[in-house]
Structures are given as C-alpha cells and as structure tokens.
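What follows is a short report on a single structure.
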Amino acid sequence: MAQRDEIPRDQPVIIYCNTGSLSAQAGFALRLLGWDNVRILQDGLVGWKAKGGFEANQRAIEAAEEAGAS
C-alpha cells in the first residue's frame, strides 16, 4: 500500500500472485481505497498455467474469431 500512488486509476490494473490469495487481499484493499479498475487473476499463476496459460488464451481468441466470422 506504500506505493499505491504509482497504481493508475485511469487504466485497467491486473493483480496477480502465485496462488491468488495475496492478490485477492491487495485487490480488496485497493477497492476499499477507491480503485474501481482492479482485476484479480483468479487462482494466481499456478491456476493460470494449469488451465493452459497463453496457449489457452490463444485458443479462446481463435474460437471467438471463428464464431464472429460465421
């Protein structure tokens, strides 16, 4: 919280940690202080990797593009 003045209020902010628990706490604190642009990576990096990470994201983008083309 000591560096909160460095966190922008006018663009999206994603908070993450290894498992998601510390980032959830940080996000909650920032929301209490007035940040409404904060999003938290659920399950942290561990969960993101387990769900496929960047590869899963690319597959989702491609699926959305195909759905939009039909």
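Could you give me the residue pairs with C-beta distances under 7 Å whose first residue belongs to the stretch 1-13 and is over 19 Å from GLN25 (Cβ atoms), whose second residue is open to solvent by 100 Å² or more (accessible area, probe 1.4 Å) wherever it lies, and which are 6+ apart or on separate chains?
That search, which allows pairs on different chains as well, returns PRO12/ARG39.
When the residues of the stretch 15-30 are filtered to those that are surrounded by fewer than 16 Cβ atoms within 10 Å (Cβ to Cβ) and either in contact (Cβ under 8 Å) with a residue 24 or more places away in the chain or of a type in the set (Phe, Trp, Tyr) (or both), which remaining residue is farthest from VAL46 (Cα to Cα)? Steps first, please.
If we filter the stretch 15-30 for residues that are surrounded by fewer than 16 Cβ atoms within 10 Å (Cβ to Cβ), which is where we start, we get 18-19, 21-22, 25, 28-29.
Imposing the further condition that a residue be either in contact (Cβ under 8 Å) with a residue 24 or more places away in the chain or of a type in the set (Phe, Trp, Tyr) (or both) reduces the set to 18-19, 28-29.
Details: ASN18: 6, THR19: 6, PHE28: 20, ALA29: 22 Å.
For the stretch 15-30, the residue satisfying everything is ALA29.
Looking at (1) among the hydrophobic types (A, V, I, L, M, F, W, C); (2) exposed (fewer than 13 other Cβ atoms within 10 Å of the Cβ); (3) part of a helix (DSSP H, G or I), which is the only condition ALA2 fails?
Going through the list (1) among the hydrophobic types (A, V, I, L, M, F, W, C); (2) exposed (fewer than 13 other Cβ atoms within 10 Å of the Cβ); (3) part of a helix (DSSP H, G or I), ALA2 breaks only (3).
The values are calculated or read from the model by the stated rules, or taken from the named source; none is laboratory data. Bear in mind that the values here come from a model prediction, so they are computed numbers and not experimental data. Positions of Cβ are backbone-derived with ideal geometry, glycine not excepted, and every protein chain shown enters the neighbour counts. All accessible areas refer to the heavy atoms of the entire protein, side chains included, with ligands and DNA or RNA removed. Shrake-Rupley method; radii C 1.70, N 1.55, O 1.52, S 1.80 Å.
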